[in-house]
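Reading through the structure tokens given below for one structure.
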Amino acid sequence: MSGAYDPLMPWTLAWLAPYIGAAVIALGWLLKVRSERFYGYTSVLSILASSLISTYAAYTVFSRGRPLYSGGDVLWVPWLNITLGTYFDGLSALMSLAVSWISLMIAVYSVKYMEGDWGYGRYFFFFTFFVGSMMLLVLADNLVLMFIGWEGTGLCSYALIGHWYTDEEDKWVGRPGRSALGTPMFFEPSHSGVRAILFTRVGDLGFILGIAILYVTAGTFNIVELAGGAPAWMQTLASKGVLTPLLVIFILGALAKSAQFPFHEWLVTAMTGPTPISALIHAATMVKAGIYLFLRFTPILFTGALALKASPEIFSLVASQLEQFFIVVALSGALTAFMLATMALVSDELKLILAYSTASQIGYMFLAAASAGILVYSGTIETLVEGVVAGFSHLVSHAVFKAALFLIAGWLIHVAHSRFIDQMGGYSKIKLTALALWLSGLSLSGIPPFSGFFSKEAVIHTALAANTLLGLAAIVTAGLTAAYTVRVIVRVLHIPPYSGHGRHKVEEAPLTMLAPYLLLALASLAIGLLWPSMAGIYSRMGALTLSIGELVHLEALALSGSTALTLLVIAASIAAVLLLYFTFKVNFPALLSRGGLYAALHDFLYDRWYINPLIYLGFVNGGDRVTRRVEEVDNGIDALYHSVIPSTGSLSAWSLRALHRGRTDYYLALYILSALVMLFLVLALMR
């Protein structure tokens with residue numbers, strides 16, 4: 001299903017428009033334009049253009065019943081056959097809609113939120129460039145172009161998370177002075193930006209290596225061609241016993257980008273950025289890039305294996321290794337979902353609770369698609385579509401209600417003049433904001449008839465079909481999610497503050513901030529109420545997605561036999577929270593001050609299962625020790641080079657020293673020459 005080329009519409013503008021907007025903003029920045037409206041409106045208009053083009057493209061794909069492929073004949077790097085193609089199929093068309101329109105809502109909110117900020121122009125440059133990079137990642141027809149978008153989001157996230165790089169304490173995440181196992185547990189914006197880069201780069205190294213091995217094996221970077229040749233290259237890799245490790249290495253970038261265990265730590269400290277950036281990263285962009293990549297390749301892998309069924313021996317070899325890969329991803333998703341939900345139960349920072357929730361809910365998405373993959377031996381196209389649709393439908397539901405929640409959080413933090421929920425309370429008088437918080441919160445909690453209920457049920461149904469324990473883990477996590485969500489709503493809206501704190505006048509947000517999150521909250525309800533129609537759209541998406549191409553009707557997308565059990569667990573969790581707050585009126589800070597088992601468990605969860613300090617002790621501090629040993633060796637080499645060798649006066653000593661002139665341009669030239677030689681050797685060996 002390669003799609004049809006349509007020369008009449010510049011589909012490339014779907015991802016190029018925000019890049020053009022970013023370039024205009026950069027030009028204004030260089031020309032020292034002082035108008036905030038220039039930067040904000042340029043960003044909004046360029047993202048609006050991307051949204052409208054994406055909408056028309058999605059309409060065209062679904063109405064014509066075939067993908068759109070534009071620019072697939074435009075060679076960018078001819079000798080590697082890399083094109084500048086834009087590919088809209090069912091998956092990428094709906095994904096581009098979610099990315100562009102939710103980003104537009106956040107951009108509109110940002111115009112007012114960032115008003116008067118000293119980095120206003122810089123903020124909108126990176127914001128707009130970020131959206132363009134995410135759109136490129138979604139719509140690229142090849143892995144190289146996708147990787148450029150992938151790295152663009154990483155670069156912008158570093159700049160945006162560390163936007164307030166002067167590191168004032170009110171911009172930190174974590175309680176100042178708190179430590180665990182001797183490791184500080186509070187983070188400044190500049191530190192958090194670096195953490196985001198480093199954590200995601202570890203996974204990206206695996207992604208790059210996986211791309212390279214795929215190219216060597218399949219002979220192409222083109223995703224459509226990789227899908228068509230999947231049976232052949234999967235068989236080749238499986239015959240060598242390396243299919244499972246290659247796929248795990250390849251998907252490391254996705255796990256890191258989407259903050260799945262063990263890479264989740266970067267996301268929870270990314271809350272140092274402005275609140276709209278938290279919404280941008282956590283809703284439909286950056287962290288969704290990883291699950292999008294996984295959803296893109298799951299059908300390719302699944303159908304590639306099914307195509308080998310005519311040869312039982314080969315099919316068994318490929319399927320067994322493929323099953324192992326999907327089990328690894330499913331376990332990572334289930335563990336992340338549960339682990340981060342427990343952390344959210346005790347956190348006292350509003351944005352941090354939402355950050356835990358994001359990683360947890362993305363764990364659900366990975367679990368859904370991976371559960372379908374686990375069934376590769378006995379599965380059918382229907383099995384595959386159910387898993388992909390479950391994961392993607394929850395992606396959309398989560399993108400809508402989580403964007404709303406973060407934008408609401410931005411206003412509540414402004415009202416309270418504090419990021420801590422214990423210093424908030426009694427905000428039910430802000431009627432529209434309270435309504436938006438309840439609507440989006442109930443969707444996150446999985447309460448019918450909100451969208452979060454239906455999409456979460458689809459995930460649980462898929463997980464139970466693959467493995468009972470995975471399904472039960474998903475149900476338990478659903479209960480934890482409802483508990484921490486209702487806890488936040490009750491704490492912020494219906495209970496007085498535990499501690500007094502200076503705050504602004506309690507009033508509604510300005511219209512340009514209120515409208516985006518209120519519309520998103522209402523959308524989370526509307527999507528749920530229209531779920532039968534949404535099920536039809538998602539079924540159609542499956543039929544139009546690369547490597548599937550078969551219509552599967554999913555009228556019973558949710559409402560499985562597990563629904564009653566899930567609702568019972570959710571109801572019990574919510575009841576427990578309401579009893580603790582309203583019947584027993586527990587003062588949790590006072591209870592914590594008494595110590596004992598509750599305090600010990602609280603500290604374990606509050607300090608994130610001590611994973612962060614263990615990372616620092618094992619890798620950062622351990623790395624320091626290694627560096628000191630290397631420095632000792634380097635000092636010895638330095639002495640040899642500067643003292644022993646020169647004293648010989650030999651020709652070899654003179655030649656060696658001639659290579660080291662202390663000039664950066666000289667070293668760079670040698671580096672490029674060495675890289676070209678290595679590349680030439682690789683290409684020669686490939687022939």
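Every number here is computed from the coordinates shown, using simple stated rules; none is lab data. Since the structure is predicted, the reported quantities are computational estimates derived from the model, not experimental observations. All Cβ positions, even for glycine, are placed from backbone atoms using ideal geometry, and neighbour counts span all protein chains on display.
Descriptive notes on the structure:
- Note on His163, His494, His264: ascending count of other Cβ atoms within 10 Å places them as His494, His163, His264, the fewest first.
- For Val173, nonlocal amide neighbours, meaning residues 5 or more places apart or on other chains whose placed amide H falls under 5 Å from its own, are Phe187.
- Couplings 3J(HN,Hα) of region 112-118, computed from phi: 7, 4, 8, 3, x, 5, 5 Hz, in residue order, whole Hz [Karplus 6.51 cos²θ - 1.76 cosθ + 1.60, θ = phi - 60°; x for Gly and Pro].
- Taking a Cβ cut-off of under 14 Å around Thr166, the surrounding Lys, Arg, Asp and Glu residues balance to a net charge of -4, with basic ones at +1 and acidic ones at -1.
- Less than 5 angstrom separates the built amide H of Thr86 from those of Ser70, Gly71, Gly72, all sequence-distant by 5 or more or on a different chain.
- Relative protection proxy for 327-338, 273-284, 371-382, 580-591, from highest mean packing down: 273-284, 327-338, 371-382, 580-591 (other beta-carbon atoms within 10 angstrom).
- This ranking places Phe62, Phe125, Phe392 by how few other beta-carbon atoms lie within 10 Å of each, fewest first, which gives Phe62, Phe125, Phe392.
- Charge sum, other residues only, whose C-beta stays under 15 Å from Val202's C-beta, Lys/Arg counted +1 and Asp/Glu -1: 0
- Here the Karplus relation 6.51 cos²θ - 1.76 cosθ + 1.60, evaluated at θ = phi - 60°, turns the backbone of region 87-98 into coupling constants of 10, 9, 10, x, 5, 5, 5, 5, 5, 5, 4, 4 Hz, with x for every Gly and Pro.
- Dividing the mean sequence gap of close Cα pairs (under 8 Å, 6+ apart) by how many residues the chain holds gives a relative contact order of 12 percent.
- Beta bridges per DSSP, both residues in the chain: antiparallel share near 90 percent.
- The value obtained for region 79-228, namely the Cα convex hull volume divided by the number of residues, is 151 Å³ per residue.
- About its Cα centre, the dipole of region 142-606 is roughly 720 debye, where the only charges are +1 on Lys and Arg Cβ and -1 on Asp and Glu Cβ.
- Cα centroid separation, region 515-555 to region 192-262: 29 Å.
- Gap separating the Cα centres of region 94-150 and region 434-506, nearest whole Å: 27 Å
- 222 nm mean residue ellipticity, helices alone, for the chain (DSSP H n ≥ 4; -39,500 (n - 2.57); rounded to 500): -23000 deg cm²/dmol
- For region 1-141: Kirkwood Rh in Å [reciprocal of mean 1/r, alpha carbons]: 15.6 Å
- Fewest-first ranking of Phe124, Phe221, Phe420, Phe186, using other Cβ atoms within 10 Å as the exposure measure: Phe186, Phe420, Phe221, Phe124
- Sum of side-chain charges, Thr275 neighbourhood, beta-carbon under 10 Å (Lys, Arg +1; Asp, Glu -1): +2
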